Amino acid sequence: MASKMGRDVSPRARRWEQPVVIGAVGAVFCAVVLLPLLAPMLAVVGGALRPESARSLATPGPWLLLVRSLLLAAAVTLVAVALGTLLGVLLGRTDVVGRRVLLLVHAFPMFLPPFLLGLGWFTIFGRQGLAGGEATARFLFHESGHVAILGLAFAPIVFTLTALGLWNVDPGLEEAARVVARPFRVATNILLPAVRPTIGLGAILVFALAFSELGVPMFLRVRVYPAAVFSRLGGIDYDPADAFLLALPLVPIAALLLGAERRLLRGRPFDVLGLRHRGREALPLGRWRWPASLACWALTVAAVAPLLALALRAYRGGGFSEIDRWIGGSLFNSLLSAGMAATAIVVLGAVVGHACARSLPGSRLLDAVGLLAFVAPAVLFGVGLIALWNRPETRFVYGGIGIIVLGYIARYGIVGVRSLTVAISQSPVSLEQAAEAFGAGYLRRLLAIVLPMHGRALVATWLLAAVFCLRDLETAVLYYPPGLEPLTVRIFTLEANGPEPVVAALALVHVLVTAVVLAAGGLWLGGRGSR
């Protein structure tokens, strides 16, 4: 048996196989992720900065705009955490009426670009909207509208993480508390403190996404720092050197967010995402059940109201009949780039995720690198990709769909790493140890034992990564090649001059594609799980 499993690899080769493979994959992962983040600094040091550009950060204007953007992101985070935590507790652990349906419906907007939801709210509350007027338009095209739209758009992130955290709380601890305390005290004194790290993780993610958001503030004409950098790359203020310089203050922001995540989770970045305890009795709300249910249904309706408004606008204006004329190749570009990137993310995530799950040397560093890319402001990433790849010798990458795929892999690689780390860490390591004892090398253990055992997790990770790539706007809009724009970018560029019904119809196409991908994945995974 031992000779059969290990005859093609010598003992010396088997001993070096694991560190070599993990080191090679880790080096590729770090290069794809870190080089774009470091490229703006290298461009400035390398002389790409003109003297007149250097003076831009010497004035108070950019710094005041940066502070303003950070405050807006903090306000969005407060709204999202308040709504998401409330819904996470009510839908995750209480007997709210219809909570299974509410869980699915309320989580769906999390997978959509906030810009599409902003278009929907404009259709409702714009000056000529379904329920709009001068007062609603003033609120919408203001910092308050910006905070409200993004707060509602990102609340499902906190809601989902809070629900996952509640499902992981030890049932024995909860049951002991329920013997001597009412449900409200159990929720406030036991459940919420137990899931504080999960809520904190949600807050960090929301802050990072809110600060990176380009579509909503530009549509609402709210001045934010990332938009100022974007204008140096594709607007009347075109000045790439100035964009590189303005991107530099974003580096410490990314580092601070990474440090906050590490400190919050205290070295346990994967514990909050598992599903260790599922089936348990819901906390009874008693006489508060129906008021709480009505509140949950109202918030869920508010979350999907923009989509309904877009559908009505497209239907009334005949936008659906014009889709073929306006969509071009953007849908194909989105599906192709998302599919290619998701495949690469799963491959990288399988190796790095396995290393993280088994606490192998260097794994925490790789996880930190991936998370740094995700929490870094998207405009920093876009500027870095331009500085790194926009040169004659790499024109074949920068001028094709490859640059979009590379950007997606770099920014969303952590999705594959974290998802597969959680899945693999919940499986016994004894099978791998037994195979190793009989002479199986690292690659053989990974390909013949680990990956087949987690086939459903691999598919789920691919679907999740693909959806994240499909929803991306703020990264791809900075560097997409002409004629290869994804659907989100197509909608964003048409919003200013395209017919409103057509823009609404294209937004609904994106919503439908996302829903189909999620539904197909859910049905396939559910079907496989029942066998």
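The values are calculated or read from the model by the stated rules, or taken from the named source; none is laboratory data. Note that the coordinates shown come from a computational prediction; the quantities given were computed from them, not determined experimentally. A quick note on method: Cβ atoms are made from the backbone with ideal geometry, for glycine too, and the neighbour counts reach across all protein chains shown.
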Checklist entry - Which ones in region 239-279 are at pLDDT below 65 and outside any helix (DSSP H, G or I)? => result GLY267, ARG268, PRO269, PHE270, GLY274, LEU275, ARG276, HIS277, ARG278, GLY279
Next on the checklist: Looking at ALA505 and the list (1) out of contact with any helix residue (DSSP H, G or I) (no Cβ under 9 Å at 6 or more places or on another chain); (2) in a helix (DSSP H, G or I), which single condition is not satisfied?
Outcome noted: (1)
Checklist outcome for this item: Filtering region 96-129 down to residues that are assigned to a helix (DSSP H, G or I) and either of a type in the set (Phe, Trp, Tyr) or out of contact with any helix residue (DSSP H, G or I) (no Cβ under 8 Å at 6 or more places or on another chain) (or both) yields ARG100, VAL101, LEU104, PHE108, PHE111, PHE115, TRP121, PHE122, PHE125
Next on the checklist: Taking the criterion of being polar (S, T, N, Q), in a helix (DSSP H, G or I) and in contact with a Phe, Trp or Tyr (Cβ under 9 Å, 6 or more places away or on another chain), would at least one residue in region 323-330 satisfy it?
Outcome noted: no
Checklist entry - Only one of (1) assigned to a loop (DSSP other than H, G, I, E, B); (2) more than 18 Å from the chain's Cα centre (by Cα) fails for GLU474. Which number is that? => result (2)
Checklist entry - Which condition does SER321 not pass, out of (1) within 18 Å of TRP121 (Cα to Cα); (2) touching a helix residue (DSSP H, G or I) at 6+ places or on another chain (Cβ under 9 Å), if it passes all the others? => result (1)
Checklist entry - Just a yes or no: is a residue in region 456-472 among the small types (Gly, Ala, Ser) and free of Cβ contacts under 8 Å to residues at least 60 places away in the same chain? => result yes
Next on the checklist: Tell me which helices (runs of 4 or more DSSP H) are completely within region 340-448 and hold 2 or more residues being over 25 Å from ILE157 (Cα atoms) and touching a Lys or Arg at 6+ places or on another chain (Cβ under 8 Å), or say none if there are none.
Outcome noted: 430-437
Next on the checklist: Checking ALA387 against (1) among the aliphatic types (A, V, I, L, M); (2) touching a Pro at 6+ places or on another chain (Cβ under 7 Å); (3) at pLDDT 85 or above: exactly one of these is not met. Which one?
Outcome noted: (3)
Checklist entry - Are any of the residues in region 132-150 within 18 Å of the chain's Cα centre (by Cα), modelled with pLDDT of 90 or more and in a helix (DSSP H, G or I)? => result yes
Checklist entry - Can LEU119 be described as buried (at least 17 other Cβ atoms within 10 Å of the Cβ), in contact with an Asp or Glu (Cβ under 9 Å, 6 or more places away or on another chain), closer than 25 Å to VAL195 by Cβ and of a type outside the set (Lys, Arg)? => result no
Checklist entry - Restricting attention to region 32-51, does a residue exist that is within 30 Å of PRO284 (Cα to Cα) and either part of a helix (DSSP H, G or I) or modelled with pLDDT under 80 (or both)? => result no
Checklist entry - Are there any pairs, at least 6 apart or on different chains, whose C-beta atoms fall under 8 Å, with the first in region 383-403 and closer than 20 Å to MET41 by Cβ and the second exposed (fewer than 13 other Cβ atoms within 10 Å of the Cβ), and if so, which? => result TYR398/ARG391
Next on the checklist: Condition first: without any contact (Cβ under 8 Å) to a residue 60 or more places away in the chain, among the aliphatic types (A, V, I, L, M) and surrounded by 13 or more Cβ atoms within 10 Å (Cβ to Cβ). Now tell me which residues in region 133-148 satisfy that.
Outcome noted: ALA137
Checklist entry - GLY439: modelled with pLDDT of 85 or more, surrounded by fewer than 22 Cβ atoms within 10 Å (Cβ to Cβ) and over 28 Å from TRP524 (Cβ atoms), yes or no? => result no
Checklist entry - Can you name the condition, by its number, that VAL379 falls short on among (1) crowded, with 22+ Cβ neighbours inside 10 Å; (2) at pLDDT below 85? => result (2)
